[in-house]
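Input: a single structure, listed below in structure tokens.
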Amino acid sequence: MEDSVIYPGLEDHPHHALLKSMSNNDYGFGGILCVDMGTEERANRLMHHLQNGTQFGLMAVSLGYYETLMSCSGSSTSSELSVHEREVAGIPPGLIRMSIGYSGSLEQRWSQFERALIRMQENANLFGSKAH
């Protein structure tokens, strides 16, 4: 299983050119970032590490706040949809949506995110592939 980042600011995103043509160069590509962790369990574990281990942000059902907020869409905002409807909408079970807040620096947030990923990897090594 391969994790992936979904962000139109990345050049390999299918809608990058369209967003770039519409966006203001001074503001970048926006503060919503999606990470697909493959499974809901892995998504929840990463959010746990991000919230409790590195203080990256807070788990929430809404993404409107000045702090960084995150949500596993399949088990929160889109949980009323059937599995088939989520598949059609392109919402995989491990999708985490993050609204990057404006408190703290980008470097601080990136460091916190990396530390959470490292903790997940360390746990996977301690408990075998089931924790990965």
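Would you mind getting me the FRET efficiency between Asn25 and Tyr102? Use the beta-carbon distance for r and R0 = 25 Å, nearest 0.05. All intermediate terms of the calculation are to be shown ahead of the outcome.
Numbers: r = 19 Å, r/R0 = 0.75.
Calculated value: 0.85.
Using a simple charge model, +1 on the beta-carbon of Lys and Arg, -1 on the beta-carbon of Asp and Glu, nothing else, what dipole does segment 1-126 show about its Cα centre, in debye to the nearest 20?
Charge dipole of segment 1-126: 260 debye, to the nearest 20.
Which residue, Leu10, Ala116, Ile100, has the largest displacement toward the positive end of the dipole of the chain when charges sit on each Cβ (Lys, Arg +1; Asp, Glu -1)?
Positive-end residue among those listed: Ala116.
Send over a whole-number figure in Å² for the accessible area per residue of the chain, probe 1.4 Å. Display every interim value, and only then the final one.
Details: 8210 Å² over 132 residues.
Here the residues of the chain average 62 Å² of exposed surface.
Could you sort Val5, Val88 by their accessible area in this structure, using a 1.4 Å probe and putting the largest first?
Details: Val5 85, Val88 110 Å².
Largest to smallest exposure gives the sequence Val88, Val5.
The values are calculated or read from the model by the stated rules, or taken from the named source; none is laboratory data. Computed from a prediction, not measured in an experiment: that's the story for all the values here. Every residue, glycine among them, receives a Cβ derived from its backbone with ideal geometry; neighbour counts consider all protein chains shown. In case anyone asks, the SASA skips ligands and DNA or RNA and just uses the protein heavy atoms, side chains included. Shrake-Rupley method; radii C 1.70, N 1.55, O 1.52, S 1.80 Å.
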